[in-house]
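*Asks:* Please see the structure below; I have some questions.
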Ligand code: SF4
């Protein structure tokens with residue numbers, strides 16, 4: 001479903017909202033899969049699944065601090081489809097298409113409308129770039145969503161990167177297991193079997209995104225021995241309370257997905273209604289510490305605008321006078337000083 005009319009026909013928005021949904025869809029791509037449609041509670045304006053995927057007229061308001069390229073990919077892109085920000089790893093973006101388009105996407109200016117896939121010669125150039133730099137040990141396929149490619153095409157790209165002897169790890173960032181779990185079949189899993197380990201990072205923001213279908217897809221990946229990590233974007237009105245985050249991270253671990261990153265939302269255009277302050281994010285992480293197991297605790301990180309990379313942003317458990325703060329807020333003298 002990509003238009004206001006289709007969303008209305010599916011009962012996801014009122015007929016009165018078709019016009020405004022189409023206005024947003026003309027600016028930023030919209031796509032809702034049958035799986036996501038099934039998870040949305042019709043008519044609930046504040047439904048956390050609907051907020052992630054259904055167009056909102058507030059997206060058409062751009063704040064002065066927002067940027068087309070909030071994490072500075074362009075500043076570190078020596079070739080089309082390749083970003084080299086850190087010495088030991090590169091990003092490869094084989095496609096700018098996704099099965100769904102998240103309303104808060106940090107690459108919303110390049111995914112969706114006019115989505116492209118890297119041409120054969122662009123792939124050749126990217127592989128030659130990696131092969132010429134033995135310090136690159138990890139290649140991260142992102143996008144867009146690489147798992148929207150056919151298993152044959154995805155497997156072909158992975159195989160060629162894995163054939164570079166200095167590459168030790170491959171990684172795929174994807175929404176597919178939760179947003180379009182039917183794509184996770186034996187052909188896709190076969191494509192993930194490579195000379196080097198392929199880590200799959202599953203983007204999931206709310207516990208309701210893990211239902212029976214997505215659990216089956218996640219289990220199929222885990223049973224195939226694929227290491228699974230979770231990434232979550234902290235979003236106002238979706239998961240900005242400790243109870244929801246605790247439930248989500250526990251569910252991930254139960255399904256063999258280790259929570260890895262909790263991303264502070266980026267300054268993508270038209271996304272101010274999703275953002276909260278770093279202090280609010282730190283308070284949430286502080287509330288989780290001690291209440292849920294360390295296995296369930298992701299790193300809370302922010303991408304510094306301008307391409308300066310990701311940094312952890314706490315929370316800090318050391319008071320200004322050097323005392324150690326426990327998970328209930330009690331202060332204790334640091335015995336190591
Ligand atoms: S799946 Fe990822 S790249 Fe695609 S719209 Fe969502 S956040 Fe953006």
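Computed from the coordinates by the stated procedures, all read-outs in this text should not be read as laboratory data. Given the structure is predicted, the values throughout are model-derived calculations rather than measurements. When we count neighbours, we look across all protein chains shown, and the Cβ atoms used for this are built from the backbone with ideal geometry, even at glycine.
*Asks:* Whole angstrom only: what separates the Cα centroid of the stretch 235-268 from the Cα centroid of the stretch 275-303?
*Replies:* 9
*Asks:* If you don't mind, there's one more thing I want to ask. Over all alpha-carbon pairs of the stretch 163-232, lay out the pair-distance distribution in 5 Å bins, whole %, shortest bin first.
*Replies:* Per 5 Å bin, starting at zero, the Cα-Cα P(r) for the stretch 163-232 comes out as 3, 17, 29, 25, 13, 8, 3, 1, 0 percent.
*Asks:* Any idea what the relative contact order of the stretch 276-324 is, in percent, if you count C-alpha pairs under 8 Å spaced at least 6 apart?
*Replies:* In percent, rounded to a whole number, it is 33.
*Asks:* Mind giving me the nanometre distance, one decimal, between the label points for residue 86 and residue 166, set 7 Å out from Cα along Cα→Cβ?
*Replies:* Rounded to a tenth, the inter-label distance reads 1.8 nm.
*Asks:* Sorting check: for 242-251, 286-295, which peptide has the highest mean count of neighbouring beta carbons within 10 Å, and how do the rest follow?
*Replies:* Ranking the peptides 242-251, 286-295 by packing returns 242-251, 286-295.
*Asks:* I need to check one value: relative contact order of the stretch 119-177, counting alpha carbon pairs closer than 8 Å and at least 6 residues apart, in percent.
*Replies:* Worked out over the stretch 119-177, it gives 46 percent.
*Asks:* Measure off 7 Å from each Cα along the Cα-to-Cβ vector at residue 318 and residue 223, then give the distance between these two points in nanometres to one decimal.
*Replies:* Between residue 318 and residue 223, the simple spin-label model gives 4.7 nm.
*Asks:* Another question, if that's okay. Using a Gaussian network model of the chain with C-alpha springs under 10 Å, which one of 53, 129, 101 is most mobile by mean-square fluctuation?
*Replies:* Judging by the Gaussian network model, the answer is 129.
*Asks:* Ok, one more. I want to verify a result. In a Gaussian network model of the chain, Cα cutoff 10 Å, which of these has the top mean-square fluctuation: 183, 160, 258?
*Replies:* 160
*Asks:* Quickly rank 143-151, 112-120 as a protection proxy: mean count of other C-beta atoms within 10 Å, highest first.
*Replies:* Working: 143-151: 22.9, 112-120: 15.0.
Taking the mean over residues of other Cβ atoms within 10 Å, the ranking is 143-151, 112-120.
*Asks:* A further question follows. Could you list log10 I(q)/I(0) for the chain at q = 0.13 Å⁻¹, which the Debye formula gives when each Cα is one point scatterer?
*Replies:* Summing over Cα pairs of the chain leads to -1.04.
*Asks:* Sort 211-220, 36-45 by the packing proxy (mean of other Cβ within 10 Å over each peptide's residues), most packed first.
*Replies:* Per-residue Cβ counts within 10 Å, averaged per peptide and sorted highest first, yield 211-220, 36-45.
*Asks:* Can you say what percent of the DSSP beta bridges in the chain, counting only those with both residues inside, are antiparallel? Round to 5.
*Replies:* Antiparallel: roughly 30 percent of the beta bridges in the chain.
*Asks:* For the stretch 1-123, take the convex hull of the Cα atoms, compute a quarter of its surface area, and give me that in nm², please.
*Replies:* On the way: hull surface 36.7 nm².
Mean projected area for the stretch 1-123: 9.2 nm², to one decimal.
*Asks:* Can I ask one more? So what is the 222 nm mean residue ellipticity for the chain from helices alone, if each DSSP H run of at least 4 adds -39500 (n - 2.57) and you divide by all residues, rounding to the nearest 500 deg cm²/dmol?
*Replies:* Calculated at 222 nm, the ellipticity per residue is -8000 deg cm²/dmol.
*Asks:* Let me ask you something else. What is the stretch 137-188 by shape, rounded, prolate or oblate, if you read a ≥ b ≥ c off the alpha carbon gyration tensor as root eigenvalues and call it rounded for a/c under 1.5, prolate for a/b larger than b/c, and oblate otherwise? Walk me through the intermediate numbers first.
*Replies:* On the way: a/c = 2.59, a/b = 1.73, b/c = 1.49.
In terms of gyration-tensor shape, prolate.
*Asks:* Can you tell me the equivalent ellipsoid semi-axes for the stretch 194-307? Use √(5λ) from the Cα gyration tensor, largest first, whole Å.
*Replies:* Gyration-tensor ellipsoid for the stretch 194-307: 25, 17, 14 Å.
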